[in-house]
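Below you'll find the structure, written out as C-alpha cells, and then a few comments.
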Amino acid sequence: MINSPFVRKPASVQSVMLQVLLALVPGIAAYAWFFGPGILVQIALATAAALAGEAAVLAIRGKPVALFLGDLSAIVTAWLIALTFPPIAPWWLTVTGTLLAIVIVKQLYGGLGQNPFNPAMAAFCLMIVAYPALMSQWPAAGQLDAGTQLELIFGGARQIDAITGATPLDALRTALRGAADPASTLHGLRAAQLMDGPAFGLIGGHGGEWVALGYLLGGLWLLQRRIITWHIPLAFCAALFAAAGLLWALKPEGFASPLFHLASGGAMLGAFFILTDPVSGATTARGKLLFAAGAAVLTYVIRVFGAYPDGIAFATLLMNICVPLIDMKTQAPVFGHKKD
Amino acid sequence: MLTAILIMTGIALVLGAVLGFASIKFKVEGDPLVDQIDAILPQTQCGQCGFPGCRPYATAIAGGEAEINQCPPGGEEGIRKLADLLGREFKPLSEEHGVEKPKAVAVIDEETCIGCTLCIQACPVDAIVGAAKQMHTIIAADCTGCELCLAPCPVDCISMEPIAETVDTWKWRYPVFTIKQAA
Amino acid sequence: MLRKLFNFHGGVKPATHKEESTLSPIAPVPLPDRLVIPLHQSVGGHPRPLVQPGDRVFKGQRIGAADGSLSSAVHASTSGLVRDVVPAVMPHTSGLTTLSVIIEPDGDDRWGELERVNFRSTPPDELRDFLRDAGIVGLGGAVFPSHLKLKPGKEGALQTLVINGAECEPFITCDDMLMRERAGDMLKGIIAMRHMLQAREVLIGIEDNKPQAIAAVQAAIAASGETGIEAVAIPTRYPAGGAKQLIRVLTGIEVPHGRRSTDFGVQCFNVGTAYSIFEALERGRPLISRIVTVAGNVDAPRNYEVLIGTPMDHVVRLAGARAGTDRYIMGGPMMGARMPAFDVPVVKATNCILVGSPALFPPPPPEMPCIRCGECAKACPADLAPFEMYWHSRAKNFGKAQEYHLFDCIECGCCSFVCPSHIPLVDYFRFSKSEIWAREREKEAADTARDRFEFKNFRQEREKQEKAEKLAAKAAATREKVGADGSAAGAAAASSGTAPAKPSGDDAKRALIEAAMEKARQQKAQVQPKNTDAATPAVQAEIAAIEARRQVSATHPTDAPPDRPPSSGA
C-alpha cells in the first residue's frame, strides 16, 4: 500500500548517472583529441565488460537485471576505469580491471549503494599492483597514431618502452630525484628547468592540462545541476593547492608548483567525479570537507614521495576506509539542538 | 642479540602494563548475564518454561541448565534475542513447552465466580482483586496473560481474551520492497 | 516595515494546485442521511458518551464529555435522533473502529440554548474549561486540545503568538478561503487568544502565494484598530506551515523536539482554530463544523463548510468525483492519510479530502537501493540525515535510528519526495517509530510485571517469615515458662535428694504440647467476639446459614465444588 507522500519529484538514479556521464564528455573529447582514439576504444571495452559482468552477477543473485543495468551506475564505473587506465593498456587489462571492479568491489559487497570502496579506484589499485609496468606506460600527446594505439591495445607484442614514457608527474618526480642525486646528469637542475620539455604544457602535462580543463568544465556543470555539492571539489583543490604550495614555497627548485599538481594526472577527475561518488564517500557537509582534504594530502604525498604515477586511487581508497568514522563524527546538529 | 631480546622484552612489558592498566581503568561495568537475559524474557511469569518465573529461568539459562527455546510468550523474537545475546544457535520454540499465542488477558465471568480466592493465590503478579466470597476481577492492565489462574478456578469462570488492536497500539507495517515485483 | 524573516533548512517546492479550489466561495453541504461522530477525535483520552440510542439531540448538544483534562468534548453536529453508539470505522489509515455516535438528522437543524462568554471578564481557568467543553481543538491537523495550549508560559506572559495561515500543503485551501471570507471574525478569535496568553505581539504567517488572504487579513487588522498584530507574508516553501518551521521563519526560534514552545516565549495556533474560538466565545457555538477542501480527481474542486460526522463521499459527490477514483486522502499529498473507505466521516482533523486516482498520484517507480546521495538530508527541514535513519530502520536497528534523532522527524515527506531511488523513507520512519513505541509499551509492561512478581514473592516470603517468627516467639515464651517450671522442679528434686528427673528435654516437649492443647481448649471455649454482633437478626440468621454451609463443606471436603449452588446472599 502506498502512503504519503503521494507526489514525488521526477528524479531517479538513472538520471543522476546519466548526467555524470554527460559531464565526462568534454574531458573525453579533449582526451581523444590530444591523445588519439585509443581512449574511445578503452571506454567501449570497459563499458561492455561492466555491463556483461553486472548482468551476470545480477542474474546469479536473482535481481531484476534490466532495472539495475538501467541505473547506468556500472557505465559510470566503466568510464572512470577507462579514463584512469593508460589509453594503450592491452584490452585484457581493461576488461579484467572492470570485471574486478563490478564483480568483486561492487556486487560482492551487495551491489549498488553497498560498496565501501570506489570500484574504479579499487580496480586501478589492484591492477597497478599486479601489472606495474603495463599500468605505467603512458604515451605523450600526439605521440602514437590511431593504428599504433589499436595495435597496442589488441596486439600481443609490446616493445614500446622506447616510445612511451611516463606521465608528466612520473617524469618530473624521476627528474627531481635525479636533480638531487650528485651522480646524475640532471644534478643541480631546478624544477622549472626540468619542466621545460615537450611532455609539459603551460601549467601541467602537455595535452593533459586540456583534458583536466574538460573535466573541470563538466564538474562545474554537475555543480550547477546540483548533482554534486561544492564541498568535495573545493576542499580537494584547496588542500592539494595548500600542500603543494607549502613545499613549493619552501623550496621552489625542488618541488613543482601547486598549479602543476592541480592540472596534472587525475586531480580534476578525482575532485569532481571520483571522490564525489556518494556511495563510498562522506555524506555530511563537514565530513565531505575532511574526506576530500584528506584525500588531497594523501594524493600529494603519494605523488611526491611514492613510486606510483598518481596518488588519487590510493588516496581515495584510504579515505574510503575512514568514511564511516568521518560520517559518524561529523553529524550536523538537528533542528532545535543547534548552538547559536 | 642480547640487546634485541632485551628491547623486545622491554616493549612487551611496557605494552602489557599499558593494556593491564587500560583494562582496569576503562573497565565497563556490564549487567550481569542473568539480568540481561531477564530483560529479554517477557516477564509473563507463566512458568511454561518449567521454572517458577522468568528470573529463575534466566538463571537457569545463564547456568547452562536450560535451553533458550522454552519460553512460548517470548516467541520466536525472544529466542532470537537470546541467541544473539548468548551467541548460541537459534532454535525453534520447543513444543513441549507450549506454542506462541497472540497476547491475551484473563477475564473473569463475574456471574459464575464464587469468590474462592484460588485464582488470587495463583496470580503471579497480584493482578486479581477480590476477597473471600466476594466476586473477583482482573486488573487488565497488570495481567500478563500467563493463564496460571485458569486451572485453579473450581468453576471455570476465567477465560483468555486476545487483546484487540486499537488506534493507540496500531503499528505501521514494514515497507514492502517492490524491486522483486518489478522484475 | 519589512520584518526580518528567518530561514529553515531544506524544504521542497511541489506543484501547489491551489488555484482550482479557490475559484468559488465556501459552500454549505446539505444534511446527509446520517452522521457518524467518533468520540475520540483529538489527542488525549477517549471522551465518554453522554447519550444513548434513542435519545433526541439538538444541534450543538454535548454527546461526549472530555475525559480528564487532556481531552476535548464532542458535540452533535445537527439535531436528530441518536440511532446508535457503536464502534465505527474511523478516518485513519489503519481502518480500525472507534466508539462513535450515529445520528439520524431530523432536518430541523435546531440549535439548543447557546451560552456566550465574555473572554475579558471571565477568569482564564473558566475560559479554558469553556473551550474544552466547546470541543475546540487545533484544526491544522494535529487536533491537540486548544485549551491546554492557551496557558501563558512561566513568566506569565508570552512574547509572540504565532497564527499559522501558511497552509503549505499542495491542494489544500481551506485556511486560504477562511482568511479571505472571514478574516474579521478570525481576528476576533485571535484577539481572545492573545488576551488569554497575554501575548505581546501576534504574527500571522501566510505564504506569499495567497495575496488575497494576506490583503484580507491586513484589512481586518486595520479595521480592528488593534496594535501589535501583523500579517506576515512568508516565502512559499513546503513545509513552511509546520508549526516548528513557521515559528522559526517568523521569530528565528527553533523549538526542539519534546520541548514546549511556551518555554521559548512562543505559541502557535492555526487560523481555523482562531475562527472556531471566535464561534465558541461570541456565538456560543461549539466546534461542530469546519471548512474542508475537496480537491484532486474531481470536476469542481471547492471548499465546503462540513458538519463533523458527514460521510466523506457525501461531500465529494457535490464536487463530482471523476472516473478512476481509487482512494480518498485526508489531508494533502505530502502528509495526508489514505482512508480505509469512502464513507468514513469528516472529523475535526479533516482539512482536505483529496480524491486520488492512479493517474493523479501514480504509484512510485520501483524502490532502488540507497546511493547515499544526500538529497534527503538536503531537503530535510529538521536537519536530519534521513538516509542514515533509513539504513538503520530497514535493518530494524531501532536504537541506532534513534541515535540519528528519529523522533525529531516530523514526517513531512520531503525526503521521500526528493529521493532519486524512490525509497518510501517516511514509511520506514513511521514503521520504526511505532515499533519503538510498541517495544516501550512492552518493556513497561514487563517491568511492571517483574516488579509485581518480585513484590508478590517478597510478600509471601515476608508473611511466611512473620508467621515463623510469631510461632518461634510464642514457642520461646512457652518454653521459657515451661523451662522455668522444669528447672524449679529439678532444683526441688535435687535438693530433696530423690532420683534425678528424666532428661529435661522430653519433659519440656511434653509440657509444650500440653500448654498448646490447653491454649486451644481455652480458645474454643472462649466466645469469639465478632463485628457482626450488632447486626440485625435477619443478617445474623444469614450469617448463621453461611456458617452452617461452611461447616458442611468443611466436613465433606470431597464434595466437588462446582456442584454447590452459587452462594446466594454473598
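The values are calculated or read from the model by the stated rules, or taken from the named source; none is laboratory data. Model, not experiment: these values are computed from the prediction. Positions of Cβ are generated from backbone atoms using ideal geometry, with glycine treated the same way; all protein chains shown enter the neighbour counts. These accessible areas exclude ligands, DNA and RNA; they are computed on the full protein's heavy atoms, side chains included. Shrake-Rupley method; radii C 1.70, N 1.55, O 1.52, S 1.80 Å.
Below is a table of values for the structure above.
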{"quantity": "Kirkwood Rh (inverse of mean 1/r, distinct Cα pairs), the stretch A:239-340, angstrom", "calculated": "14.5"}
{"quantity": "Global form of the stretch C:229-308, assessed from the alpha-carbon gyration tensor, a/c cut-off 1.5", "calculated": "oblate"}
{"quantity": "C:428, A:131, ranked by accessible area, largest first (probe 1.4 Å)", "calculated": "A:131, C:428"}
{"quantity": "Contact surface C-B: accessible area buried, both sides summed, square angstrom, 1.4 angstrom probe", "calculated": "3300"}
{"quantity": "Cα→Cβ-extended label distance, 7 Å offset, between residue A:229 and residue A:328, nm", "calculated": "2.1"}
{"quantity": "Distance between the stretch C:155-224 and the stretch C:228-261 - C-alpha centres, whole angstrom", "calculated": "13"}
{"quantity": "Mean residue ellipticity (222 nm) of the protein assembly as shown, computed from DSSP H runs ≥ 4 via -39,500 (n - 2.57), nearest 500", "calculated": "-14000 deg cm²/dmol"}
{"quantity": "Whole-Å semi-axes of the ellipsoid equivalent to the stretch A:78-225 (Cα gyration tensor, √5λ, descending)", "calculated": "30, 20, 17"}
{"quantity": "Cβ-placed point charges (K, R +1; D, E -1), dipole of chain C about Cα centre in debye, nearest 20", "calculated": "1260"}
{"quantity": "Whole-angstrom gap from the stretch A:23-75 to the stretch A:239-256, using each part's C-alpha centre", "calculated": "37"}
{"quantity": "Estimated FRET transfer efficiency when R0 is 35 angstrom, pair residue C:476-residue C:544 (beta carbons, to 0.05)", "calculated": "0.35"}
{"quantity": "Test item: A:276-282 mean partner chain Cβ contacts at 10 Å", "calculated": "3"}
{"quantity": "Kirkwood Rh in Å, taken over all unlike Cα pairs in chain A", "calculated": "20.8"}
{"quantity": "Euclidean distance between Cα centres, the stretch A:273-293 to the stretch A:95-161, Å", "calculated": "24"}
{"quantity": "Accessible area of the protein assembly as shown divided out per residue, in Å², using a probe of 1.4 angstrom", "calculated": "47"}
{"quantity": "Rg [Å, one decimal], Dmax [Å, integer] - chain C, C-alpha atoms", "calculated": "35.8, 127"}
{"quantity": "Peptides C:68-74, C:311-317 ordered by average Cβ neighbours within 10 Å, highest first", "calculated": "C:68-74, C:311-317"}
{"quantity": "FRET efficiency for residue C:402 and residue C:465, using Cβ-Cβ distance with R0 set to 45 Å, rounded to 0.05", "calculated": "0.50"}
{"quantity": "Gyration tensor verdict on the stretch B:33-97 (Cα atoms; rounded if a/c is under 1.5, prolate if a/b is larger than b/c, oblate otherwise)", "calculated": "rounded"}
{"quantity": "Positive-end residue, the stretch A:11-165 charge dipole about Cα centroid, Cβ charges, pick of A:134, A:78, A:147", "calculated": "A:78"}
{"quantity": "DSSP-defined beta bridges in the protein assembly as shown - what % are antiparallel, rounded to 5", "calculated": "65"}
{"quantity": "Relative contact order computed over chain C (Cα-Cα under 8 Å; 6+ residues apart), in percent", "calculated": "14"}
{"quantity": "Kirkwood Rh and Cα Rg combined as Rg over Rh, evaluated for the stretch A:168-330", "calculated": "1.01"}
{"quantity": "The stretch C:398-452: radius of gyration over Cα atoms, expressed as a fraction of 2.2 N^0.38 Å", "calculated": "1.46"}
{"quantity": "Overall dimensions of the protein assembly as shown as given by Cα atoms, namely Rg and Dmax in Å", "calculated": "40.7, 142"}
{"quantity": "Accessible area of residue A:248 in the full protein assembly, 1.4 Å probe (Å², nearest 10)", "calculated": "100"}
{"quantity": "FRET efficiency estimate (nearest 0.05) - Cβ-Cβ, residue A:69 to residue B:80, R0 41 angstrom", "calculated": "0.70"}
{"quantity": "Cα-only Debye scattering, the stretch B:80-128: base-10 log of I(q)/I(0) at q = 0.19, 0.23, 0.32 Å⁻¹", "calculated": "-0.84, -0.96, -1.16"}
{"quantity": "Per-residue SASA entry for residue C:299, accessible area with 1.4 Å probe, Å² rounded to 10", "calculated": "100"}
{"quantity": "Close Lys-Lys pairs in the stretch C:368-483, where close means Cα under 23 Å and separation is 8 or more or interchain", "calculated": "14"}
{"quantity": "Gyration tensor verdict on the stretch A:11-165 (Cα atoms; rounded if a/c is under 1.5, prolate if a/b is larger than b/c, oblate otherwise)", "calculated": "prolate"}
{"quantity": "Across chain C: Cys residues that no other cysteine approaches within a C-beta distance under 4.7 Å", "calculated": "C:168, C:174, C:268, C:352, C:370, C:373, C:380, C:409, C:412, C:414, C:419"}
{"quantity": "Simple spin-label estimate for residue C:458 and residue C:434 in nanometres, 7 Å along Cα-Cβ", "calculated": "3.8"}
